[in-house]
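Below: one structure, written as structure tokens.
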Amino acid sequence: MTATLEARPADPERPDGRVVDRRAAVPLLRRLRSAEGLADPSPVYDGLRALGDLVPAPWGGYLVTGYDACDQVLRGRTWLVPDFAWQERQTETGRWDAVATQEMSRTLSRLNAPDHTRQRRSLGNLFDRNTLRDMEPQIEADVAELLDRLAERIRTDGEADLSALVSEQLPIGTVGRWLDIAPEDYPHILTMTHNQVHAQELLPTKSQLAVSEQATMDLREYFTRLVRERRDNDGDDVIAGWIRTWDALESDREATDRMVYQLTMFVTIASLETTATLLSSLVWSLLRSPGRWEWLRERPEHIDDAIDEALRYDPPVRVNSRVAGEDTELAGVFLPKDTMVHVMYGAANRDPRRNPDPHTFDVLRRGTHLTFGGGAHYCLGAGLARLEARALLGQLLRRFPTLRVASPPEYAPRMVFHRVTSLRVAA
Ligand code: HEM
């Protein structure tokens, strides 16, 4: 049976002996994926916090809402990602045995040590200082070109969709060039990645799983072919480099190609929507309040602060899951081995014990956030995402001093991967 918000395992007991009703979080989670909750999750985060640092999830397991508890889960050795072996132990069907879920369970983010350590070591620091410095001029040039198109559209139509014209295009252009992918394939890749992530929602519906399954097969076909071509060409691109590294580590060529396909597909999925959402949310956060745009224009030295505050305020990935590798305790609650917990990045970043007055967007806050995760799985592309955001914001501020919002953002109705589908601007 596929889990639903109504499914209801036994209510757990708190350290103080109080029994917590698993249904308490249902209205809050419903609201989180509603249009109002997507636009402003503040009341949901407050509501969850009122239920505690560890809120029993309606379908079993827990939602982790407090910053420190989330941090502990992300960094602690007790906590594992729900890998293939964990999924095999689940009796619930529908989600864990779905093709889309199973395919993802073999990618980097769903591996535990020692396989995870081996893959991370083989990759090294993908976007170190020198690599980012080399990529920067091209990213700046790409931004300039995208903003030419934005200006042209505003000139002809009076307004334009920043999200579709710029935020979506910059990350695929950047990662596409880095992986040496043909630009004519970009639209296909964007469609596949938008459709694949449904399976990573907390409670995907049957139809979402079906869309995701098709996208997963398309991605598999696309990237398997790409890896085969790179092996045949034996060039000096990033993917050919990964093939050579793994050929030296593995005797089985087929295993190498499968691994490189999974890696390439995962890095592509991980890098696109996330960065696109950051770019749109960042611009929206600055434009929604009068005076902020002008303030930052006069103080470009605070561009990095604005990016970090946008990351804290509106994390593109809102939830991530871990499972207890052994019997353990979290926020005073005993959790048996295999218990699943959902790290609520958005709620953690708005924990007032960590970031006072958390629902206020404050460029000068210098707050802390968990938006790129933590511990062994910390995001490999954080530096690149920041670089893209810096290039875009710097040029937007200089070229569009009177930029304004023509209509507020629209969002995909999802709980885990936050996606801005439209942000219309005028100048
Ligand atoms: C604003 C943009 C981005 C956000 C918010 C973001 C967020 C995240 C988060 C939350 C994780 C999981 C961390 C954890 O489990 O503790 C992650 C992992 C990852 N990200 Fe990002 N990401 C972004 C951009 C990128 C980009 C641009 C790339 C690559 C080009 C990338 C590649 C990866 C990879 C490979 C992992 C898996 C790391 C592992 O499991 O070891 N991400 N990211």
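General remarks:
- Vicinal HN-Hα couplings computed from phi for region 140-146 (Karplus, 6.51 cos²θ - 1.76 cosθ + 1.60; Hz; Gly/Pro x): 4, 5, 4, 4, 4, 5, 5
- Derived scalar couplings ³J(HN,Hα) [region 414-427; Karplus, 6.51 cos²θ - 1.76 cosθ + 1.60; whole Hz; x for Gly, Pro]: 10, 9, 9, 9, 6, 9, 7, 8, 7, 8, 8, 10, 9, 9
- Highest to lowest packing among 415-426, 115-126, 222-233, scored as the average C-beta count within 10 Å: 415-426, 222-233, 115-126
- Global form of the chain, assessed from the alpha-carbon gyration tensor, a/c cut-off 1.5: oblate
- Amide H partners (placed H, <5 Å) of residue 54, local residues excluded: 65
- Taking a point 7 Å from the Cα of residue 89 along the Cα-to-Cβ direction, the residues of region 325-367 with backbone N closer than 14 Å to it are 325-328, 335-341.
- Prolate/oblate/rounded call for region 107-155, Cα gyration tensor, a/c under 1.5 rounded: oblate
- At R0 = 45 Å, FRET efficiency that the Cβ-Cβ distance of residue 152 and residue 121 yields, to 0.05: 0.45
- Take every DSSP beta bridge whose two residues both sit in the chain; close to 90 percent of them are antiparallel.
- Region 191-261: C-alpha gyration tensor shape, a/c 1.5 cut-off, then a/b vs b/c: prolate
- Label-to-label distance, nm, for residues given as residue 360 and residue 26 (7 Å Cα→Cβ offset): 3.8
- Per-pair calculated FRET efficiency, R0 = 30 Å: residue 326 and residue 255 via Cβ, rounded to 0.05: 0.50
- Net dipole in debye of region 22-426 [+1 Lys, Arg Cβ; -1 Asp, Glu Cβ; about Cα centre; nearest 20]: 1040
- Taking all Cα pairs closer than 8 Å and separated by 6 or more residues, the relative contact order of region 22-426 comes to 25 percent.
Rule-based calculations on the coordinates, nothing more; no lab input. The structure presented is a predicted model; accordingly, all values stated were derived computationally and were not measured. Counting neighbours? That spans all protein chains shown, and the Cβs are built from the backbone with ideal geometry, glycine included.
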